Amino acid sequence: MERKIYKKLVEWKENSKGKTALLIDGARRVGKSYIVEKFAKENYKSHIIIDFNKVSKDVKDLFEYYLNDMDSLFLYLSNYFNIKLYEHESLIVFDEVQLYPKARSAIKYLIEDGRFDYIETGSLMSIKKNVKDILIPSEEEHIEMYPMDFEEFLWALGNENIMELIKKCYKETKPLGQAMHRKAMDYFRQYIIVGGMPQAVEEYVKTKDFKKVDRVKRNILNLYRQDIGKHAEGYNLKVESIFDEIPAQLQKHEKKFRLASISKEARFREYEDALFWLKDAMVMNPCYNSTNPNIGLKLNTDFMTLKCYMADTGLLISHSFDENGIVNEEIYKKILFDKLEFNEGMIIENIVSQMLVANGHKLYFYSNPSREDASSRMEIDFLIAKSKIGNRHNISPIEVKSGKNYTISSLKKFINKYSKQLHIPYVIHTKDLKEENGIIYLPIYMTPLL
């Protein structure tokens, strides 16, 4: 599987020259271990992978007792794993480092020693128990790894051409044309169903069997449930309640997450840690209400009003439909042939959120439920800011439309009310690209290019 993050690993090696370690943060089963091992084999003379999910206490104790004696530390590691280490030519990987935070804390001293390169992989890197009583090393660069994006999915299917055409048309703001648009949407609907978890994509490439793909996705969902029970100590029931409620909340016309659906007495402060756990596990992408869409979206954020999207839309589909067994094949056929009406908005909006996050955007929406002023009453699905902020015209509102016939009354109100803040307004839909009255109507497969 070819992954774009590989290029970032190569750039880190070239630029860091042993002065920093690299921490790769990502959800379970997103492909962290695979890509790091591939990188290690292709870029170093030798490497050691220390998997803290499996490794013995003897190895863990080395980081406790031998940080003041690096010669002995590396001698023991080399002999334990039966791998010769070469100065400046070997990589040591701390896999699932969150399970042994002391190893992460040791990075400071290992980098000072300067003999080898270090990569850490893990999830839940910021929850209290994984940072308690350790020194977070300043010598640590941090990147996040997401499910496979649409282009990576196309690579896995052996198609390296269509995305180049999509990029060209996006750059020139012109449509693909009926035949190529239909082909791009055919691929994209497959991507929606399969999702971006590498194991699911691999199964689809091998078998083209959605039932077998669904089994893979359900195994991943079960793993997440096990992680919640094991690692969300003290509030695992609240985490599981939110996790189970995500599909139901996204099905609603107003997709804002209502804690009252879990319990009438539920209060945000009681569920704050549970929401953070799911965000830090990179299982869920929160989208917050920006109350004043101006220069700094974060500065005007209402953190108590949010939408919760699944980090992978393929997992969302398996999580949403037929919870007691394999997703009915009819549902996959309806998605594939664009015949699904119920739940389609939820799926399309979720995949847009997934693509925005993977492209480096924080998720914000705008909601004004004003009863007094109809011109102010509006709901905008997403807001994104320009990469270079100026005094004016920084914010792009995004409306996501799943159906063939739709209105954009909220977007028009937003354009009228916030003209000074406005950059480019977008409608993301399932049709081809067009530009009309200053609004760009973008086919959904172009979302990653925003």
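The values are calculated or read from the model by the stated rules, or taken from the named source; none is laboratory data. Since we're looking at a predicted model, the values are computed, not measured. Here the Cβ is made from the backbone with ideal geometry for all residues, glycine too, and neighbour counts use every protein chain on show.
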query = Could you say whether any residue in region 143-165 is over 27 Å from M1 (Cα atoms), of a type outside the set (A, V, I, L, M) and either within 25 Å of the chain's Cα centre (by Cα) or outside the structural domain of I193 (by TED's automatic domain parsing) (or both)?
reply = no
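Please determine whether any residue of region 131-140 is in contact with a Phe, Trp or Tyr (Cβ under 7 Å, 6 or more places away or on another chain) and touching a residue at least 40 places away in the same chain (Cβ under 8 Å). Walk me through it before giving the result.
Narrowing region 131-140 to residues in contact with a Phe, Trp or Tyr (Cβ under 7 Å, 6 or more places away or on another chain): none.
Checked against the condition, which is being in contact with a Phe, Trp or Tyr (Cβ under 7 Å, 6 or more places away or on another chain) and touching a residue at least 40 places away in the same chain (Cβ under 8 Å), region 131-140 yields no hits at all.
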ask   = Which ones in region 247-261 are at pLDDT 80 or above and in a helix (DSSP H, G or I)?
value = P247, A248, Q249, L250, Q251
Which listed residue is of a type in the set (S, T, N, Q), buried (at least 17 other Cβ atoms within 10 Å of the Cβ) and either part of a loop (DSSP other than H, G, I, E, B) or out of contact with any helix residue (DSSP H, G or I) (no Cβ under 8 Å at 6 or more places or on another chain) (or both), from S375, S367 = S367
inquiry  = Being at pLDDT 95 or above, out of contact with any Ser or Thr (no Cβ under 6 Å at 6 or more places or on another chain) and either among the acidic types (D, E) or more than 23 Å from K41 (Cβ to Cβ) (or both) is the requirement here; does E160 meet it?
reply    = no
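Per-residue answers, yes or no, for (1) within 30 Å of L91 (Cβ to Cβ); (2) among the charged types (D, E, K, R):
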| position | (1), (2) |
| --- | --- |
| M125 | yes, no |
| K129 | yes, yes |
| I136 | yes, no |
| K174 | no, yes |
| Q178 | no, no |
| P198 | yes, no |
| V201 | yes, no |
ask   = Looking at region 89-135, which of the residues that are closer than 21 Å to F276 by Cα and hydroxyl-bearing (S, T, Y) is modelled with the lowest pLDDT?
value = S126
inquiry  = When you scan region 287-298, do you find a residue that is assigned to a strand (DSSP E or B), under 28 Å from K129 (Cβ atoms), polar (S, T, N, Q) and touching a Phe, Trp or Tyr at 6+ places or on another chain (Cβ under 6 Å), even just one?
reply    = no
query = Is it true that some residue in region 43-55 is within 21 Å of L77 (Cα to Cα), exposed (fewer than 15 other Cβ atoms within 10 Å of the Cβ) and of a type in the set (D, E)?
reply = no
inquiry  = Step by step: first the residues of region 216-246, then only those that are surrounded by fewer than 17 Cβ atoms within 10 Å (Cβ to Cβ) and basic (K, R), then the one that is modelled with the highest pLDDT. Which residue is that?
reply    = R225
message = For region 315-332: of the residues being more than 17 Å from L278 (Cα to Cα) and in a helix (DSSP H, G or I), which is modelled with the lowest pLDDT?
response = E329
Qualifying residues in region 333-364 (those that are within 23 Å of S409 (Cα to Cα) and surrounded by fewer than 13 Cβ atoms within 10 Å (Cβ to Cβ)) - the one modelled with the lowest pLDDT = F342
ask   = What about A385, is it surrounded by 18 or more Cβ atoms within 10 Å (Cβ to Cβ), over 25 Å from E152 (Cβ atoms) and modelled with pLDDT under 95?
value = yes
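Got at least one residue in region 21-32 being of a type outside the set (F, W, Y) and surrounded by fewer than 17 Cβ atoms within 10 Å (Cβ to Cβ)?
Of region 21-32, the ones of a type outside the set (F, W, Y) are 21-32.
Going one step further and asking which of them are surrounded by fewer than 17 Cβ atoms within 10 Å (Cβ to Cβ), we end up with none.
Looking through region 21-32, none of the residues is of a type outside the set (F, W, Y) and surrounded by fewer than 17 Cβ atoms within 10 Å (Cβ to Cβ).
Say whether the condition of being more than 22 Å from K4 (Cα to Cα) and charged (D, E, K, R) is met by at least one residue in region 21-36. Walk me through it before giving the result.
Step one: of region 21-36, the residues more than 22 Å from K4 (Cα to Cα) are none.
No, region 21-36 contains no residue that is more than 22 Å from K4 (Cα to Cα) and charged (D, E, K, R).
Residues that are surrounded by 15 or more Cβ atoms within 10 Å (Cβ to Cβ): list the strands (runs of 3 or more DSSP E) wholly contained in region 401-450 that include at least 3 such residues. Spell out the reasoning first.
Values: elements: 426-429, 434-436, 439-443.
By residue number, 426-429, 439-443.
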